[in-house]
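A short write-up of the structure that comes next.
The values are calculated or read from the model by the stated rules, or taken from the named source; none is laboratory data. What you are looking at is a predicted structure, and each value in this text was computed from that prediction instead of being measured. Cβ sites come from the backbone with ideal geometry, for glycine too, and all protein chains shown count toward neighbours.
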Amino acid sequence: QVQLVESGGGLVQAGGSLRLSCAASRRTFSSYTMGWFRQAPGKEREFVAAINWSGGNTYYADSVKGRFTLSGDNAKATVYLQMNSLKPADTAVYYCAADPLTTRIRGGYPDYWGQGTQVTVSS
């Protein structure tokens with residue numbers, strides 16, 4: 001069973017930064033594509049970013065390119081989402097996700113989800 005544990009959400013002013021963490025098992029970290037989604041109140045869940053470690057590829061939604069960065073710590077089996085220049089429009093519950101297939105992550109239907117962490121950006 002794949003378990004994903006998120007942390008790092010909170011309240012920040014516009015223009016500020018936050019770093020989200022997603023801890024997984026070592027097997028998941030090394031062999032799955034891992035990503036982040038977000039869901040704002042009254043809106044559908046949307047893809048934010050994903051990383052495939054075996055291929056070394058990263059993917060970002062246009063809305064976050066240049067502001068958000070994915071990275072990972074192999075020893076901790078943890079993926080990080082560094083979020084800079086945050087905007088009120090970034091306010092949402094952020095979910096970590098994992099799947100053996102990159103296409104399922106990018107398509108929005110990964111098999112495994114974390115519990116979500118709230119990010120609130122005030123204006």
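Descriptive notes on the structure:
- Ser71 meets all of the listed conditions (1) within 12 Å of the chain's Cα centre (by Cα); (2) in contact (Cβ under 8 Å) with a residue 24 or more places away in the chain but one, namely (2).
- Note on region 86-113: residues that are surrounded by 14 or more Cβ atoms within 10 Å (Cβ to Cβ) and either polar (S, T, N, Q) or within 19 Å of Ser54 (Cβ to Cβ) (or both) amount to 13.
- Qualifying residue in region 93-100 (condition: within 21 Å of Gly66 (Cα to Cα), of a type in the set (Val, Ile, Thr), outside any helix (DSSP H, G or I) and modelled with pLDDT of 95 or more): yes
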